[in-house]
Amino acid sequence: MHLKQNKDRSIFSSSPGEMEVDVEDSPTTSPVKQNGMVVEVAGPVVIQYKDKKNREKDKKMKNDCYCWICHHTGNMLCCERCPRVFHIKCVPLTEEPDDDWICPCCAHLEECKKLGDRSKCCRTNLAKMLPYALDRMSSSGTEAFQQPVTTDVAPNYFDFVHYPMDMGTLRQKAKAGVWQCTQHFLDNARWILHNCIIFNGGKSRLTALARTVYNVCQHEMLEISLCPDCFLNSCTADKDWFTRVCKKTHRLVWAKLRGFPFWPAKVLQRQGQQIDVRFFGQHERAWVHESNTLDISEEPPAGNRNKEAGTNRVQAEEEMNRYVENLKKAGRWPIDISKVKEDRDEDEEEDRSNTDNSAPRKKKKVPTATLR
């Protein structure tokens, strides 16, 4: 393999007939830069240089050697802003870009920096919430990911891993306010999984644990993105956390699941005609079709009187009433329908932006409970 440079951008190119290594199943080779060349060798590597100039050049070149998407070696497109490298087909791109190129992770980070405090979750608030997310990521069996890997534990670790990451480092940077947004944190947490696949293989027990850690991280970042206030309130020991008023305007609905009566709930997000709600009472989550919801009123909808409901339903309605009282004190009741509509449009637009070839959806009118 040789190192092809185009201005400040670099491509790792393989020679004809050279086979790509399946890193997930057998990370037996490590591509390294040697004498201005990128080569694949087995086992630990000692890098030799013809002169000081090549040594200094390689110190500046901090790109990884394994694709960020598939974790395989091959012809790599290097990001100008971070160590990540990609196969052109994994980005995906149809051809090599002519200009300096930044990866999707860095492009998203640039957008986040432009928003600053206007983003749904600015750095100040994120620094408060990420320690709770890291606590939930640190389940039993994840001790191997809590601290940096040392050569005492794995002597050849840094022959394969070019950008080490661990939860201790994530926590320190969270405390320092380094992470710009939830996606920035998630992209860096993914280094734990990426490095584990590279060094241990895709079928390793440690890799399975790393995938679990990353899945938990994805869930926690989604919860923060949906409503930072709800996430932070849920992490407290206050039993009335669900009745606190959030900065985000939550649409209130009566939502009906099969086999249950209409139940009071907050809307967290929507995808098309499906609505993600969290119920008052036990605070359980569910996706319900919009046709099975009614806009909230100060009285239960017809056929759902308190006398017909059990203790759980009564407690749920009492909690909803406390929430409504808090909304009134904050001057947020009745709920500003136009503000809710903006939130709904924003969720729909975000959903469309994350779905390829998606057409604008027609909104379905929601039946409204009669006010009494």
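The values are calculated or read from the model by the stated rules, or taken from the named source; none is laboratory data. For clarity, every value in this text was computed on a predicted model and none was experimentally measured. When we count neighbours, we look across all protein chains shown, and the Cβ atoms used for this are built from the backbone with ideal geometry, even at glycine. These accessible areas exclude ligands, DNA and RNA; they are computed on the full protein's heavy atoms, side chains included. Shrake-Rupley method; radii C 1.70, N 1.55, O 1.52, S 1.80 Å.
One table, with the values for the structure above:
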{"read-out": "Stokes-Einstein D for segment 242-287, Kirkwood Rh over Cα pairs, 20 °C, 1.002 mPa s (µm²/s)", "value": "193 µm²/s"}
{"read-out": "Using a Förster distance of 51 Å, the FRET efficiency for Arg332-Gln146 (Cβ separation, nearest 0.05)", "value": "0.75"}
{"read-out": "Candidate residues Tyr66, Tyr214, Tyr163, Tyr132: accessible-area rank, largest first, probe 1.4 Å", "value": "Tyr132, Tyr163, Tyr214, Tyr66"}
{"read-out": "Kirkwood-based shape ratio for segment 187-226, expressed as Rg/Rh from alpha carbons", "value": "1.06"}
{"read-out": "Rounded to the nearest 10 Å², the accessible area of Glu80 at probe 1.4 Å", "value": "70 Å²"}
{"read-out": "Segment 200-306 - convex hull of the alpha-carbon atoms, volume per residue in Å³", "value": "158 Å³"}
{"read-out": "Heavy atoms of Arg81: accessible area, 1.4 Å probe, square angstrom to 10", "value": "140 Å²"}
{"read-out": "Three-way shape label, segment 89-153, alpha-carbon gyration tensor, a/c 1.5", "value": "oblate"}
{"read-out": "Entries of Lys128/Lys247; Lys175/Lys266; Lys114/Lys247; Lys62/Lys89; Lys113/Lys266; Lys128/Lys173 with Cα pairs more than 19 Å apart", "value": "Lys175/Lys266; Lys114/Lys247; Lys62/Lys89; Lys113/Lys266"}
